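This report concerns only the one structure given below.
The values are calculated or read from the model by the stated rules, or taken from the named source; none is laboratory data. Computed from a prediction, not measured in an experiment: that's the story for all the values here. For neighbour counting, all protein chains shown are included, and Cβ atoms are generated from backbone atoms with ideal geometry for every residue, glycine included.
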Amino acid sequence: MSERDSDFMNVAPGEPHDSILSETVAYVVGLALALILTGVSFWVASTSALWGPGVAVGLVVLAIAQMGVHLVFFLHITSGPDNTNNVLALAFGVLIVFLVMIGTIWIMAHLAANMGPTPEMTNLMAQRG
């Protein structure tokens, strides 16, 4: 192998590439991984090969892997010192999404608990009926 070939293969995913060929190969590898993970997710959801409660866990693991592939291969999020702002922006976005999700679940749970008929209303309806 020549020096140029070893440099071509020595670039981490998410890092800037020197040539269009190495960048294209990185995108194709990312696409292949994303397609494989998507296919496996559909297989996990539609088969009975996995234990019933384990399907949800399997899908969560595959979804996290899919997010990792997208972050590294397509959004070029790395742990390098020049990527600190991107990582902080991503962390802030994840925080906001979790706050919105937890707040929504909390509100819906309290609405479900507080919107039912009170015992007095139930007794009144039973007496009239």
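Looking at this structure, is F74 under 30 Å from L35 (Cβ atoms), outside the structural domain of S22 (by TED's automatic domain parsing), aromatic (F, W, Y) and without any contact (Cβ under 8 Å) to a residue 60 or more places away in the chain? So F74 does not fit the description; no.
Residue by residue, here is whether (1) at pLDDT 90 or above; (2) surrounded by 10 or more Cβ atoms within 10 Å (Cβ to Cβ); (3) more than 25 Å from V29 (Cβ to Cβ); (4) of a type in the set (G, A, S) holds:
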{"site": "L88", "(1), (2), (3), (4)": "no, yes, yes, no"}
{"site": "F98", "(1), (2), (3), (4)": "yes, yes, yes, no"}
{"site": "H110", "(1), (2), (3), (4)": "no, yes, yes, no"}
{"site": "M115", "(1), (2), (3), (4)": "no, no, yes, no"}
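Filtered by the rule that a residue be part of a helix (DSSP H, G or I) and either assigned by TED's automatic domain parsing to the domain that holds N86 or surrounded by 15 or more Cβ atoms within 10 Å (Cβ to Cβ) (or both), the range 32-60 gives L33, A34, L37, V40, S41, V44, V55, G58, L59.
Each residue in the range 107-129 was checked for being of a type in the set (V, I, T) and assigned to a helix (DSSP H, G or I), and 2 pass.
Is it the case that E15 is modelled with pLDDT under 90, farther than 27 Å from G93 by Cβ, out of contact with any helix residue (DSSP H, G or I) (no Cβ under 6 Å at 6 or more places or on another chain) and not assigned by TED's automatic domain parsing to the domain that holds L90? Considered against the rule, which asks whether it is modelled with pLDDT under 90, farther than 27 Å from G93 by Cβ, out of contact with any helix residue (DSSP H, G or I) (no Cβ under 6 Å at 6 or more places or on another chain) and not assigned by TED's automatic domain parsing to the domain that holds L90, E15 comes out as no.
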